[in-house]
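Read the structure below first, then the notes.
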Amino acid sequence: MFLKLNAFAIIWAIVVAILILLPGKDLPGTGGLANIDKIAHAIVFAVLTILVIVGFKKQFTFPVIKKYSIISSISVILLYSVILESIQLFVPDRQFDKFDMIANTMGISFGLILFVFIYRI
């Protein structure tokens, strides 16, 4: 049941990993918009945050994760973000970027705010 209720989050996490771990030469140009990369990081991590929180809240397999779904989600996604950025050290034409980490964290924060706004109304 855990995997079924978190399927969208897992699929999105795979998509995020593929996009973040593309070799630098395979990335599309930004057309002169230098910060579009950071905005993209924030958006994909905001979406991931919402999907993970919803999946963690709906599942019953792990009661502790359900009870602490927001803290668990943020912890897992922050760790995932650090791992992805660290793996970039081994990808051609990519490197660990602290500004990407900041954008990821801002996306996680925005996703949390959106979740609270959407599900508390």
(message) Of everything in the range 42-73, what is aromatic (F, W, Y) and assigned to a loop (DSSP other than H, G, I, E, B)? Give them in sequence order.
(response) F60, F62, Y68
(message) Condition first: farther than 22 Å from N6 by Cα and under 11 Å from the mean Cα position of the chain (by Cα). Now tell me which residues in the range 67-121 satisfy that.
(response) M101, A103, M106
(request) Hey, could you check the range 89-104 for residues that are in contact with a helix residue (DSSP H, G or I) (Cβ under 7 Å, 6 or more places away or on another chain) and in a helix (DSSP H, G or I) and say which is surrounded by the most Cβ atoms within 10 Å (Cβ to Cβ)? (result) N104
(message) List the residue pairs whose Cβ atoms are under 7 Å apart, where the first residue sits in the range 4-25 and is in contact (Cβ under 8 Å) with a residue 24 or more places away in the chain and crowded, with 16+ Cβ neighbours inside 10 Å, the second is of a type outside the set (K, R) and not in a helix (DSSP H, G or I), and the two are 6 or more positions apart or on different chains.
(response) L5/Q59; N6/Q59
(request) For residues that are among the β-branched types (V, I, T) and over 15 Å from I50 (Cβ atoms), tally how many sit in the range 63-90. (result) 6
(message) When the residues of the range 31-41 are narrowed to those that are farther than 22 Å from V116 by Cβ and in a helix (DSSP H, G or I), which ends up farthest from the chain's Cα centre (by Cα)?
(response) I36
(request) Name, by its number, the condition in (1) at pLDDT 95 or above; (2) touching a Pro at 6+ places or on another chain (Cβ under 8 Å) that does not hold for V52. (result) (2)
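The values are calculated or read from the model by the stated rules, or taken from the named source; none is laboratory data. The structure displayed is predicted, hence computed values, not measured ones. Heads up, the Cβs are rebuilt from the backbone with ideal geometry, glycines too, and the neighbour counts pull from every protein chain shown.
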